[in-house]
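Taken together, the values in this text are just the output of simple stated rules run on the coordinates, not laboratory data. Source: prediction; values computed, not measured. Here the Cβ is made from the backbone with ideal geometry for all residues, glycine too, and neighbour counts use every protein chain on show.
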Amino acid sequence: IGAGSAYSTVRLARHVGPGGRVYAVDVSPDMIRHLNRRVRDLGLRNVSTILAPPDDPLLPEPVDRYLIVNVWHHIEDQAGYLAHMRKQLKPGGQIVMIDFHKRELPVGPPVDMKIAREDLIRQMTEHGFEVASEHTFLPYQYFLVFTPKGPEAGR
């Protein structure tokens, strides 16, 4: 989600291999054009780009995992977006969120645009997700993996 320059898209496409599928979603027509060129030039046959509105990723089928890097603060209706994501998440699926810590940093958006790690965890918990794992190797960002909780997990 928020595929942008294709940095993660290319790596994910290589990781899942020819038997997998990567949906590169962005709201910017310019970014989608850029993604399409990169995908074509690299010969990646397992990537589909999606020009989506800001309130729905428009995925054509359920997915195993969402990757959202430095983008969540741009989504206005986060609750509605989470509902779309949950509906399109396969059983056992994950939502991976990587974003900047909410403090002054030499990189990233202004502090007032950032979402604190604790606030994201609270939001995700309130919408039926739980932290499955956390990685702490990034110097400026938190890296959280969420899974649906409860009997309706992945539906």
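Other residues lying with their Cβ under 14 Å from the Cβ of A79 contribute a combined charge of -3, Lys and Arg counting +1, Asp and Glu -1. For region 1-143, the relative contact order comes to 18 percent (Cα pairs under 8 Å, sequence separation of at least 6).
Derived value for the chain: Kirkwood hydrodynamic radius 16.2 Å. Basis is the mean of 1/r over every pair of different alpha-carbon atoms. If only the Cβ of Lys and Arg carry +1 and only the Cβ of Asp and Glu carry -1, the dipole of the chain around its Cα centre is close to 680 debye. Beta bridges per DSSP, both residues in the chain: antiparallel share near 50 percent. Full extension of the chain segment joining R21 with L138 gains 39.5 nm, where the gain is 0.36 nm per residue of separation less the Cα-Cα distance. Ranking G17, S28, A116 by Cα position along the charge dipole of the chain, where only Lys, Arg, Asp and Glu carry charges on their C-beta atoms, puts G17 farthest toward the positive end. Sequentially through region 92-97, phi angles give Karplus couplings (6.51, -1.76, 1.60; θ = phi - 60°) of x, x, 9, 10, 9, 10 Hz, Gly and Pro residues having no value and appearing as x. From helices alone, the chain scores -8500 deg cm²/dmol at 222 nm; the rule is -39500 (n - 2.57) for each run of n ≥ 4 DSSP H residues, then divide by the residue total.
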